[in-house]
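The values are calculated or read from the model by the stated rules, or taken from the named source; none is laboratory data. In this text the structure is predicted, and so the values were computed from the model without any measurement. Backbone-built Cβ (ideal geometry, glycine too); neighbour counts: all protein chains shown.
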Amino acid sequence: MKSSVKIETTLDRLPYGDEATSKGLKVTKLLPTGVKSKDLYRDIIRIAWPSFVELLLTQLASMVDLMMVGSMGGKAHPEIGKQALAAVGLTTQPKFLLMTAFIAMNTGVTALIARNRGINDKKQANLVARQGLLFTFCATIILSILGYLFAQPMVIFMGSTEDIVTKWATQYLQIQMIGFLSFALTSTITASLRAVGDSKTCMIYNLIANVVNVIFNWLLIYGNLGFPELGVAGASLATVIGQVAAFIMAFIVILRGNGFLKLEFKLGFKPDKIVLGNMLHIGFPAMVEQLLMRVGMIIFAKTVASLGTTAYATHQVCMNIQALSFMTGQAFAVSATTLMGQSLGKRRTDMAQAYCSRTRKVGLLFSLLLASIFALFGSQIVELYNSDPAIIQIGGRIMFFVAFLQPFQSAQFIIAGGLRGAGDTRATAIITFITVLLIRPAVAIALVNLGLGLYGAWAGLAVDQLIRSGLVLNRYNSGKWKLIKLKSEQS
């Protein structure tokens, strides 16, 4: 794949620096002279739409993946599909926990490259990209070995009680660990490209990888066209094949260069203390945030797993559908992170807040559309995964929770993305600690023990989302993110 992209935004027409910070921390709605709202919306959509398409179709591929797994056994034996859904679900949180290190450091990579893009410093941006890849490579080798060796204990810890579910889940997770490095390196390349606004290239190679994934799902889960029938293990192997395809394409893109970023091996991968220090300054709080989130999610998932295979399979289906709405919030969060990071690199705090407020408005429209779809067609969507009447009935009701949370969830993703672009990751880590680690599990456990079952667990999730949205908005409105400076900017 050959890519040569010239990335330009409204920021390129504006001078370096502003007076916004000196006027105080209060967020203002005023735009700089000569800048119109339509210019900002154009920048937001130009960066968000490829990410939106990519993430949306990626999640749709994930949904098809899970539907194929859930259809094992067909309508004659839906219990097989139910067990398969539970097996895949039990691997979700352990896998995300192992991803914490490089995902968090990718936050630092994005923020640093975006700032260097703001001042058009290609040399420093490419140094950050190389340091990010170095960290990801070293961390993932260790994590993938640990994940493979301890796959079964992690699955049992997550609450697996049936032997066949434990067996399938262990196989699924071990295969994922074999392909973990390719997925991790691709994520760092993607974070780098998005930081300079080149989300279209990421969309292309990830969409191709998703097509590869779905094709091999059909071949390996059911054993079509002479391929072995591997069931749950086939679904995992198909995912890894898709991830390897994405890595090959992403690596070729950054090796050839995209007009701003280019991976040059001759410049070496020697650790740079300043760059790694800045990455850790931004990434470590994000890592703490992700760890706290995963611990909270694990406690929450174990609470749901204690309700039995049917409840956990239903929960997994509803979480998979809700993840579709995560993709829309995350797509616009990419715009917020990129444009706020670039604005602050140019010391245009006025533009940073202008971009964030308008990104929230666009995200709100999409969230309301999704809320309507989930509320009206929730049961029908759940039925696509499994024909068990209990799963369809309970899942259809849970979808009303999902619909209600859409506007709050969208705003939370976008504002948090903007704060991360500003390097304000410590505040988001504290908010995550309060909501995901303390509030969600506590409310869920209390309501489950009161006999509300899966509905009680999802009520806990809703309380978490509402409080988190309010706290993130309050942090943004405080304006303290304007004062954050990196080591290289403090002189």
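Take the residues in region 421-449 that are farther than 20 Å from residue 97 by Cα and in contact (Cβ under 8 Å) with a residue 40 or more places away in the chain; name whichever of them is surrounded by the fewest Cβ atoms within 10 Å (Cβ to Cβ). The residue in question is 445. Pairs are defined by a Cβ separation below 6 Å, a sequence spacing of at least 6 or placement on different chains, a first member in region 180-197 that is at pLDDT 90 or above, and a second member that is of a type in the set (Phe, Trp, Tyr) and crowded, with 24+ Cβ neighbours inside 10 Å; the pairs so defined are 184/102. A search for C-beta distances below 9 Å between a residue of region 63-81 that is within 11 Å of residue 232 (Cβ to Cβ) and in a helix (DSSP H, G or I) and any residue that is hydrophobic (A, V, I, L, M, F, W, C) and modelled with pLDDT under 80, counting only pairs 6+ apart in sequence or on different chains, returns 80/72; 81/72.
Note on region 77-125: among residues that are over 23 Å from the mean Cα position of the chain (by Cα) and among the charged types (D, E, K, R), the one that is modelled with the lowest pLDDT is 79.
Taking region 414-433 as the range and being at pLDDT below 90 and either farther than 17 Å from residue 284 by Cβ or among the polar types (S, T, N, Q) (or both) as the test, the residues that pass are 417, 418, 425, 428, 432. Scan region 53-76 and tell me whether some residue there is under 22 Å from residue 221 (Cβ atoms), at pLDDT 75 or above and in contact with a Ser or Thr (Cβ under 6 Å, 6 or more places away or on another chain). Scanning region 53-76 turns up no residue that is under 22 Å from residue 221 (Cβ atoms), at pLDDT 75 or above and in contact with a Ser or Thr (Cβ under 6 Å, 6 or more places away or on another chain). Within region 480-491, residues that are at negative phi have Cβ atoms under 6 Å from residues that are at pLDDT below 60 in these pairs: 482/21, counting only partners at least 6 apart in sequence or on another chain. Being more than 30 Å from residue 341 (Cβ to Cβ) and in contact with a His (Cβ under 8 Å, 6 or more places away or on another chain) holds for only one residue in 89, 70, and it is 89.
Is at least one residue of region 134-144 buried (at least 24 other Cβ atoms within 10 Å of the Cβ), within 29 Å of residue 10 (Cα to Cα) and polar (S, T, N, Q)? No, region 134-144 contains no residue that is buried (at least 24 other Cβ atoms within 10 Å of the Cβ), within 29 Å of residue 10 (Cα to Cα) and polar (S, T, N, Q). Residue count for region 41-56 under the criterion of being aliphatic (A, V, I, L, M) and crowded, with 21+ Cβ neighbours inside 10 Å: the result is 4.
One line per residue, one yes/no per condition, for (1) free of Cβ contacts under 8 Å to residues at least 24 places away in the same chain; (2) over 30 Å from residue 482 (Cβ atoms):
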{"position": "322", "(1), (2)": "no, yes"}
{"position": "348", "(1), (2)": "no, no"}
{"position": "355", "(1), (2)": "no, no"}
{"position": "377", "(1), (2)": "yes, yes"}
{"position": "400", "(1), (2)": "no, yes"}
